[in-house]
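Comments concern the structure below.
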Amino acid sequence: MKKTTTILLLLFLLSCRVMGQIDYLEPIKDYTKYKDELSGYYCNVFSLLNTGLTKQPYAQYTALPSFSPEYTVSTEVQGGKYYLVSNTLSQNSWQAERNQIKVNRKSVAISKALYQAFGELLQLTTGQIQDMDGSTTGLDGTTYYFSATNDKGKVMTGKKWSPDSATLMGRLVQICESAYALSTGKEVPESMIIKDTQTLLKDLRDRNKAFPDEYKQPKYSGIFPAGLWQSIESGKELEAIPQFPEGTPETYATKHMTYPPSLLEKSIKGYALCQFTVSREGNVTNAHILQYSHPKFAEEALRIVKGMPKYLPAMSESRPVACNYVLYIPFRPSVAQKQ
C-alpha cells in the first residue's frame, strides 16, 4: 500500500511538471521597495498582524485575502508552555484606515508535539523556496506567507498565492488553516493536524529524493507562455515542433551567454524573455524582448537569439509552418562564475 501511494505521488508530481506548475514556496519581495499604495499597505498590514508576536517566529502563517480581513497564527512559548497565538484584523486593511482597524488576538495551549511538527513543516518548506522570476500572484484570491527561523537563526519567509488544494503547497495551506482555526477556539483535533503534518512531511521528503534540489532551477511564471511552441499560421496546428541542432533553445542560451560584466561584478541576477519566430525555412526572425529585469539582460538575450543557427522547421499536415517561441533566459551569477 505504501509503495502504491508513493508511486501515485510521484506520478502526480510529474504531471505538475508537465503542466509547468510551481509546487514550492515562492520568494518574497522587500515590501519597502513597492511603490505608492502597495508599500503602505504591506507596512501597515504586517505591522498590525505582528502586534505582540515574536520577531523571530519558530513558525508563523499569514493570510492576506483580497477582500476579507487578514490574519496570522504563530507558535509561541510562554512560561515553558506552548501556544498557537493568532491575530485577526477587524477589517480588510485595503478598505479601512489604520486607526479604524482592531486586532483581535486569541490563543490556545498546544502540545509540544504539535509545536514541533508545525515548526518542522515550515522550516522544511521555507528552506526550499523556488528560484524564480515573475510571479504567480493574481488579483482575486489569497496570498499566503510562511515564516520560520532556520538553524542559523535567520528568519526565512516564502509565499504562495491560492494554490490548488491537491498540490503539496495546497496541503500546506490546509494544515496552517487548521492551526489557525484551532487558535481561534474552533474544535480541531490536535491529532488530526499532527497526522496531516507528518504525512505531508513524508511526501515532501519523498519529492526531495525523487527531484533533489529541483527548487534551485530557475523558473518563470507570468502572463507569457515561456517554453511553448505556437503556430502563427491560421488553422495550422503543430504536428512536429522545430528541431534545433544544438539541444534546446534554453541550453543554447546558457552555453553562449556572456554575462554583463558590470552586473556580474555586483552579483545582480535577473532574466529576460525573448520571443522569436522560426520561419518555414527554419530561419530565426522577428526576435524581440517581451519582459526583462535589466536592460543589459535584454540586450544579451537578443544577441543570443539572433546568433542562433538554422532550425528544421515545424510541420503541420506534412508541410513546414512558421511558429513562435518565448525563450526564458535566467541570469544567475553563481552559474556564470562556474563557467
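Where in the chain are the helices, taken as whole DSSP H runs, whose Cα atoms extend 18 angstrom or more along the long axis and whose Kyte-Doolittle mean reaches at least 0.5? Can you show the working numbers first?
Numbers: long enough: 2-18 (24 Å, 1.27); 36-49 (20 Å, 0.41); 112-126 (21 Å, 0.27); 168-183 (23 Å, 0.83); 190-210 (30 Å, -0.94).
The qualifying helices are 2-18, 168-183.
Kindly state, to the nearest 0.05, the FRET efficiency for ASN104 paired with SER234, given R0 = 45 Å and r defined as their beta-carbon distance.
Numbers: r = 58 Å, r/R0 = 1.28.
With a Förster radius of 45 Å, E is 0.20.
Can you give the helix-only mean residue ellipticity at 222 nm for the chain, where every DSSP H stretch with n ≥ 4 adds -39500 (n - 2.57) and the sum goes over all residues, rounded to the nearest 500 deg cm²/dmol? Working shown, then result.
Values: 9 runs with 113 residues, N = 339.
Mean residue ellipticity at 222 nm (helix-derived): -10500 deg cm²/dmol.
Amide H to amide H under 5 Å from TYR82: which residues, 5+ apart in sequence or cross-chain, H placed 1.01 Å off N in plane?
Under 5 Å from the amide H of TYR82 lie the amide H atoms of ILE110, each far enough along the sequence or on another chain.
Which whole-number percent of Cα pairs in segment 141-210 have a distance greater than 17 Å?
Working: 1306 of 2415 pairs.
Of all Cα-Cα pairs in segment 141-210, 54 percent lie more than 17 Å apart.
Compute the distance from the alpha-carbon center of segment 131-169 to that of segment 298-333, in whole Å.
Each part's Cα centre sits 32 Å from the other's.
Would you indicate which of (1) 52; (2) 63; (3) 56 is the value of percent of Cα pairs over 24 Å apart derived from the coordinates of this structure?
(2)
Cut-off 10 angstrom, C-alpha nodes, Gaussian network model of the chain. Which of TYR58, TYR82, TYR271 fluctuates the most?
TYR82
PRE reach from ARG319 (point 7 Å along Cα→Cβ): which of segment 271-300 fall under 17 Å by backbone N?
279-282
Counting other C-beta atoms within 10 Å, and keeping those with at most 15, which DSSP coil GluC sites (Glu not before Pro) do you find in segment 24-128?
Details: sites: GLU37, GLU70, GLU76, GLU97, GLU120; in loops: GLU70, GLU97.
Passing both the DSSP loop test and the Cβ count: GLU97.
Could you give each residue of segment 222-234 its phi-based ³J(HN,Hα) in whole Hz, using Karplus coefficients 6.51, -1.76, 1.60 with θ = phi - 60°, and x for Gly or Pro?
So the J values, rounded to whole Hz, are x, 7, 9, x, 5, x, 10, 8, 9, 5, 10, 9, 4.
At most 14 other Cβ atoms within 10 Å and a DSSP loop assignment: could you name the GluC sites (Glu not before Pro) in segment 239-323 that fit?
Hits after loop and neighbour filter: GLU239, GLU246, GLU281, GLU317.
Stretched out fully, how many nm does the piece from ILE289 to PHE211 gain, at 0.36 nm a residue minus the Cα gap? Please report the intermediate quantities before stating the final value.
Details: separation 78, 0.36 × 78 = 28.08 nm, distance 3.17 nm.
In short, 24.9 nm is gained.
Of the DSSP beta bridges with both residues in the chain, give the percent that are antiparallel, rounding to the nearest 5.
Values: 58 of 61 bridges.
Given both bridge residues lie in the chain, the antiparallel proportion sits at roughly 95 percent.
Say we join alpha carbon atoms closer than 10 Å with springs in a Gaussian network model of the chain; which of ASP213, ASP164, ASP30 then has the biggest fluctuation?
Of ASP213, ASP164, ASP30, the Gaussian network model singles out ASP30 as fluctuating most.
Among CYS274, CYS43, CYS176, which one moves the most in a GNM of the chain with springs linking Cα atoms closer than 10 Å?
Comparing CYS274, CYS43, CYS176 in a Gaussian network model of the chain, the most mobile one is CYS43.
Coordinate-derived values only; no laboratory data. Owing to the predicted nature of the structure, the values given are computational and were not obtained by experimental measurement. Cβ sites come from the backbone with ideal geometry, for glycine too, and all protein chains shown count toward neighbours.
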